[in-house]
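The values are calculated or read from the model by the stated rules, or taken from the named source; none is laboratory data. Since the structure is predicted, the reported quantities are computational estimates derived from the model, not experimental observations. Because the Cβ atoms are built from the backbone with ideal geometry, glycine has one as well, and the counts that use them run over all protein chains shown.
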Amino acid sequence: MPYKKKEIEKVYYRIGEVAEMFNVNISLIRFWETEFDIIKPYRNKKGTRFFTKQDVDNFHLIYHLVKERGFTLQGAREKLKENPDELNRDHEIIKSLQQIRAFLIELKEEL
């Protein structure tokens, strides 16, 4: 059985890491931070932003609404306010399906 590397879960992510996760510019991450009040990064004395796992999950929701489903920023804000539980549930389902797909692709390549 091949050795499978365990992924390390980080507590804080820098803005460049978050931008790289979504393949967007750092300026877009800064913009979304000002536009959506659910994003609240920790800032050190120097002013460097550090995003938590919850912030990254919220970025996933925003990215899904704005980039994948084509919502306007105002529409995404309203959707996040009106029914956040349903949106989180849908996001979790999508994330699970993506993990299953990645596993199946990896399995296919090994065969």
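Key figures
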quantity: Yes/no for ARG101 being modelled with pLDDT of 90 or more, among the basic types (Lys, Arg) and either in a loop (DSSP other than H, G, I, E, B) or surrounded by 12 or more Cβ atoms within 10 Å (Cβ to Cβ) (or both); calculated: no
quantity: VAL18 vs. criteria at pLDDT 90 or above, touching a strand residue (DSSP E or B) at 6+ places or on another chain (Cβ under 6 Å) and among the β-branched types (Val, Ile, Thr); calculated: yes
quantity: Output for segment 24-67, where each listed residue is surrounded by fewer than 17 Cβ atoms within 10 Å (Cβ to Cβ), out of contact with any Ser or Thr (no Cβ under 9 Å at 6 or more places or on another chain) and part of a loop (DSSP other than H, G, I, E, B); calculated: VAL24, ASN25, ASP37, ASN44, LYS45, LYS46, GLY47, THR48, THR52
quantity: Options GLY70, GLY16; residue that is surrounded by fewer than 14 Cβ atoms within 10 Å (Cβ to Cβ), without any contact (Cβ under 8 Å) to a residue 12 or more places away in the chain and not in a helix (DSSP H, G or I); calculated: GLY70
